[in-house]
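The values are calculated or read from the model by the stated rules, or taken from the named source; none is laboratory data. Just so it is clear, the structure is predicted and the values come from calculations on it, not from any experiment. As a convention, Cβ positions derive from the backbone with ideal geometry for all residues, glycine included, and neighbour counts pool all protein chains shown.
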Amino acid sequence: MKPITCEQLLDQLNWRYATKQFDPAKKISAANWFALEESLVLTPSSFGLQPWKFIVVTDEAVREKLKVASWGQAQVADCSHHVIFVIRTDVDERFVTSNMKLTSDVRGVPQESLDGLKKVILGFLPGINVAEWATRQAYIALGNFMTSAAMIGIDTCPMEGIDSAKYDEILDLPSKNLKTVVACAAGYRALTDKYASLKKVRFPKAEMLTRI
């Protein structure tokens, strides 16, 4: 497979910005959305546990409710697809066991060969705040999603300015052992979005990056 060039990568990352106004008339094609869904599924996670789910909301009525729970931010209703990154609240021994079985099935190896890894994971989880750990994993998925979208010319806006408890209520997440972490609107920028043409404000590389 031929990789993209360094110039293409930097061009798209410079093109990307947190879109404030989406064009509600422009929708992401089925082919492009399929690719973005795959980018979510392919996101790496600690131990490969994938302690998350991704809820894609296109229903207008639901999005209007979520808009209210997002302090009225128009991106929720105007974007093409609104993605909610949620963490699992049932990351326990049963969940780890199911992950080991999946690994065994996919890779064609005996489950017993994974007992060492399973023991390490089950020894790791009790010593951490699992919700905080899972939240950090979800942000890996968010970054991967945003970068993947930029690579194919699709705009995004990450959204922490949401009432996560209200999101949970609207989507009935507690009953599914899920909890909202962050959301991301995806679609195409409106021509009237003044933020699209603003220069990026970043600290100089010399201040931000150290080579040892």
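Identify, from the list Lys67, Lys53, the residue that is of a type outside the set (Gly, Ala, Ser) and either under 21 Å from Asp193 (Cβ atoms) or at pLDDT below 95 (or both). Only one candidate passes the filter, namely Lys67. The helices (runs of 4 or more DSSP H) found wholly in segment 126-212 and carrying at least 1 residues that are touching a residue at least 24 places away in the same chain (Cβ under 8 Å) and surrounded by 20 or more Cβ atoms within 10 Å (Cβ to Cβ) occupy 130-151, 164-170.
For segment 115-125, a residue qualifies if it is of a type in the set (A, V, I, L, M, F, W, C) and surrounded by 14 or more Cβ atoms within 10 Å (Cβ to Cβ), and the qualifying residues are Leu117, Ile121, Phe124, Leu125. Among residues of segment 1-19 being of a type in the set (Ser, Thr, Tyr) and surrounded by 12 or more Cβ atoms within 10 Å (Cβ to Cβ), the one that is farthest from Ala150 (Cα to Cα) is Thr19. Residues in segment 69-102 that are in contact with a Lys or Arg (Cβ under 8 Å, 6 or more places away or on another chain) and not in a strand (DSSP E or B): Ala69, Gln73, Ala74, Gln75, Val76, Ala77, Ser80, Thr89, Phe95, Val96, Thr97, Met100. Tallying residues that are part of a loop (DSSP other than H, G, I, E, B) and under 15 Å from the mean Cα position of the chain (by Cα) within segment 2-48 yields 4. Residues that are acidic (Asp, Glu) and loosely packed, with under 11 Cβ neighbours inside 10 Å were ranked within segment 86-114; the one that is nearest to Val41 (Cα to Cα) is Asp105.
Answer yes or no: is there a residue in segment 34-42 that is among the β-branched types (Val, Ile, Thr) and either more than 23 Å from Ile154 (Cα to Cα) or surrounded by 13 or more Cβ atoms within 10 Å (Cβ to Cβ) (or both). No, that holds for no residue. Here Phe47 meets each of (1) touching a Gly at 6+ places or on another chain (Cβ under 9 Å); (2) of a type in the set (Phe, Trp, Tyr); (3) more than 17 Å from Asp163 (Cβ to Cβ) with one exception, condition (1).
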